[in-house]
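Structure first, then comments.
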Amino acid sequence: MRRAIIAGNWKMNKTGPEAVQLVKELLNRVSDVRDVDIIVCPPFTALESVAWVLGEGSVKIGAQDMHWAEQGAYTGEVSAKMLLTIGCRYVILGHSERRAYFGESNSDVNKKLKAALATSLIPIVCVGEKLEEREGGQTEVVVQDHVLGAFEGFSASELKRVILAYEPVWAIGTGKTATSEQANEVHAFIRDLLKSKLGRSLAQDIRIQYGGSVKPENAASLLSQPEIDGALVGGASLDVESFARIIKAVS
Ligand code: PEP
């Protein structure tokens with residue numbers, strides 16, 4: 001049985017004080033939720049102050065990216081150890097916005113994954129096709145390339161704590177959601193792929209979130225699909241009421 005996991009990706013939104021306010025309101029609304037892993041991913045500048053508010057409570061904190069090196073001359077970057085030291089438990093890797101605007105490749109994601117797994121961080125690895133790729137019948141090819149590219153060189157046991165997020169790029173921030181069936185189909189494809197490449201046990205255990213315009217209105221339907229284990233939520237996670245409703249739709 002895979003435990004549900006809902007993560008909010010705040011992207012480049014919220015100053016430190018705004019982030020603290022948002023997370024305090026969230027805590028008030030989800031204090032009774034016990035059966036869902038809840039994660040918030042504020043921008044780097046708000047991580048430490050949000051981590052203080054969350055303490056050792058049930059809502060955990062993640063970063064939106066990290067560098068693969070342990071330290072050194074990488075202006076503007078942060079390392080896995082820096083994130084861990086301020087209380088991060090999770091890190092998003094390979095988000096489509098990183099791939100599109102910052103040229104991040106599968107090989108970069110693979111190096112970041114290696115660096116994250118060398119620590120106790122839990123990586124959330126994002127994969128997903130663009131609109132033209134879906135329309136060209138390339139969804140499975142692209143998703144396979146993203147998954148195998150990120151996972152190259154790892155054994156099944158090393159990947160145990162990784163979380164995957166299937167995020168069709170055409171559904172991110174557009175208001176267009178994949179139907180629950182479309183999303184479930186790709187999740188099932190990913191699980192089969194993992195089974196054939198890394199074995200049944202990892203395929204059964206690994207959690208796969210769906211991301212792309214998840215809202216309170218569509219969360220229950222998406223999350224009731226057998227292969228969908230949670231959601232990575234962008235826009236709707238900035239609205240405390242909406243994010244809490246999404247969490248409660250799974251709980
Ligand atoms: C995201 O950026 O990961 C995302 C899913 O965004 P949105 O929910 O706004 O589509």
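The values are calculated or read from the model by the stated rules, or taken from the named source; none is laboratory data. Since we're looking at a predicted model, the values are computed, not measured. Don't worry about glycine lacking a Cβ; one is built from the backbone with ideal geometry, like all the others, and counts go over all protein chains shown. Heads up: the accessible areas ignore ligands, DNA and RNA and are worked out on the full protein's heavy atoms, side chains in. Shrake-Rupley method; radii C 1.70, N 1.55, O 1.52, S 1.80 Å.
Miscellaneous remarks
- Among all residues of the stretch 57-73, there is at least one that is modelled with pLDDT under 95 and at negative phi.
- The stretch 1-30, subset under 11 Å from ALA46 (Cα atoms), of a type outside the set (S, T, N, Q) and part of a loop (DSSP other than H, G, I, E, B), residue most open to solvent (accessible area, probe 1.4 Å): MET12
- Test result for LYS215, out of contact with any His (no Cβ under 6 Å at 6 or more places or on another chain) and more than 16 Å from the ligand (Cβ to nearest atom): no
- Qualifying residue in the stretch 127-135 (condition: within 16 Å of the ligand (Cβ to nearest atom), part of a helix (DSSP H, G or I), surrounded by fewer than 20 Cβ atoms within 10 Å (Cβ to Cβ) and among the aliphatic types (A, V, I, L, M)): yes
- Looking across SER107, SER120, one residue alone is assigned to a helix (DSSP H, G or I) and away from the ligand (no atom under 16 Å from the Cβ). It is SER107.
- Of the residues making up the stretch 17-70, just one is under 16 Å from the mean Cα position of the chain (by Cα) and among the polar types (S, T, N, Q), namely GLN64.
- Number of the condition not met by GLY175 [criteria: (1) open to solvent by 10 Å² or more (accessible area, probe 1.4 Å); (2) over 29 Å from LYS14 (Cα atoms); (3) within 16 Å of the ligand (Cβ to nearest atom)]: (2)
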